[in-house]
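The values are calculated or read from the model by the stated rules, or taken from the named source; none is laboratory data. Nothing here was measured: the structure is a model prediction, and the numbers come from that model. Note that each Cβ is placed from the backbone with ideal geometry, even for glycine, and that neighbours are counted across all protein chains shown. Note: accessible area is taken over every heavy atom of the protein model, side chains too, but ligands, DNA and RNA are not part of it. Shrake-Rupley method; radii C 1.70, N 1.55, O 1.52, S 1.80 Å.
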Amino acid sequence: MNTVETPDLVIAQEHEHRSRLLQAMAKVTADKGLSLTTIADIVREAGVSKRTFYEHFESKEACFLALFRAASGSALRTLREAVKPDRPWQTQIEHALQAYFEHLSAGPGLMRVLFVDIHHLGLDGMRVRREVMQELADFMVSTVNHTGSLQGVEAFRTLTPVMALAAVGGINELVLREIEQGRAAELKKLAPCAGEIVRVLTHADLNGL
């Protein structure tokens, strides 16, 4: 299996031990998958005791969810920092998505386990996954609508929160498909298609439904 090529995908700004545990979780799960990973594996990789682990996390699942949040937060920061406010929103979105996918593809082993194994954690996994998806949808709404208002774009071209979430869902499925087909390192190729999804949904007309 692929290992974690870029540990900086996970940015933990808290206690050193917590950061080491998240880094260890990232490496071990990328190598073995969540189901085969044990707390003993994590603490061995982190160089801490089990007692230290339980001071920060109640279970390996809780540690994995914290890792998912940290890795997603890092990717979302990359997305936001890639925005070029002086450009049309269509260009901004595609450029930002390109940076986002490049960030994800830098650690294909980690992305595979995060995007796939999160579905195995029941309601807790679903809640955290939806939080991250909502953040991405909010970014799209803000970028498209703010730029549109500056450029005098007509109302029908704005992106509604519902359509933004639909776009995120579609993009997420594209990412999963690439991961399942062993192309996690090539996610940046999705940027044009993902940008097209957003552009199409700004024209969605729900009147009369």
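Side notes on the structure shown:
- Rounded percent of accessible protein surface that carbon and sulfur make up, region 21-94, 1.4 Å probe: 49 percent
- Stokes-Einstein diffusion for region 21-66 at 20 °C, viscosity 1.002 mPa s, with a Kirkwood radius from C-alpha pairs, works out to 213 µm²/s.
- log10 of Debye I(q)/I(0), alpha-carbon scatterers only, for region 77-127 at 0.14, 0.19, 0.23, 0.32 Å⁻¹: -0.50, -0.72, -0.81, -1.05
- Summed residue charge, Cβ within 14 Å of Ala194's Cβ, Lys/Arg positive, Asp/Glu negative: -2
- Violating pairs (Cα-Cα greater than 25 angstrom) within the set Lys27/Lys60; Lys27/Lys50; Lys84/Lys189; Lys60/Lys189: Lys60/Lys189
- When Arg199, Arg77 are compared by accessible area at a 1.4 angstrom probe, the order from most to least is Arg77, Arg199.
- Spin-label pair Gln181/Arg69, simplified geometry with 7 Å Cα→Cβ offset, distance in nm: 3.4 nm
- log10 of Debye I(q)/I(0), alpha-carbon scatterers only, for region 54-101 at 0.22, 0.32 Å⁻¹: -0.71, -1.05
- Per residue, region 55-188 exposes an accessible area of 46 Å² to a 1.4 Å probe, with every protein chain left in place.
- Taking the Cα centre of region 39-94 as origin and assigning +1 to Lys and Arg Cβ atoms and -1 to Asp and Glu Cβ atoms, the resulting dipole is close to 80 debye.
- Shape call, region 18-95: gyration tensor on alpha carbons, a/c limit 1.5: prolate
- Within the shell defined by Cβ-Cβ distances under 12 Å, the residues around Val48 carry a net charge of +2, with Lys and Arg each +1 and Asp and Glu each -1.
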